[in-house]
Amino acid sequence: MAKTQKHTCKDSLTFRIGLGKILGGLIGLMVFFSLPALQANIDIALRFGMIGWYMIFGAIIGFAGVYTKYPLLGWGLPSILRGASIGFGLNLILACLVHDNMIQAFSHYSEFQFSNSMPIIQLAIEGLIWGALLDFALTRYAGEGKELLENL
């Protein structure tokens, strides 16, 4: 007689993506409430957009948890490196899209005169850090690899 395998939601791709959205939404809320602290006139639509951006950020990192090897070379891919590279890339795109708003925000925040590329670098590094932390948490609590696809 075949054993019945008990499926838990912990090792499913849906759970990982959902948890990524929740954690990304929490990051987005932190950004939403911290932007006014920069004493800049940041548009409310941009602040709400950050919540949505980081929810998508978490979902993409959650979905990428299926890949445990680098696809082209077959090398092992640690979860922190996977999340950091995705976070860096996503926030680099975000920094290019909201460049003017970030220049305005950072010019009020510091006594130093920022160059035009400084907010882009800062936002990309922030994405690297958030991506690594997010993927670490998702891997720890929701699993990774082929097991995620088996429990759909």
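If only residues of region 1-46 that are of a type in the set (Lys, Arg) and within 18 Å of Leu90 (Cβ to Cβ) are counted, the one that is modelled with the highest pLDDT is Lys21. Against the criterion of being farther than 17 Å from Phe33 by Cα, free of Cβ contacts under 8 Å to residues at least 24 places away in the same chain, surrounded by fewer than 17 Cβ atoms within 10 Å (Cβ to Cβ) and β-branched (Val, Ile, Thr), Ile56 does not qualify. For region 125-143, the candidate set comprises residues that are of a type in the set (D, E, K, R) and out of contact with any Ser or Thr (no Cβ under 6 Å at 6 or more places or on another chain); within that set, the residue that is nearest to Phe57 (Cα to Cα) is Glu126. For Gly89, the conditions (1) at pLDDT 80 or above; (2) over 26 Å from Thr14 (Cα atoms) all hold with the exception of (2). Scanning region 128-152 for residues that are loosely packed, with under 14 Cβ neighbours inside 10 Å and under 22 Å from Leu26 (Cβ atoms) gives Arg140, Tyr141. As a summary of the residue check, Tyr70 satisfies the conditions (1) surrounded by fewer than 21 Cβ atoms within 10 Å (Cβ to Cβ); (2) more than 24 Å from Ala37 (Cα to Cα); (3) at pLDDT 85 or above except for the one numbered (3).
The values are calculated or read from the model by the stated rules, or taken from the named source; none is laboratory data. Just so it is clear, the structure is predicted and the values come from calculations on it, not from any experiment. Neighbour counts are summed over all protein chains in view; Cβ atoms, including those assigned to glycine, are modelled from backbone coordinates with ideal geometry.
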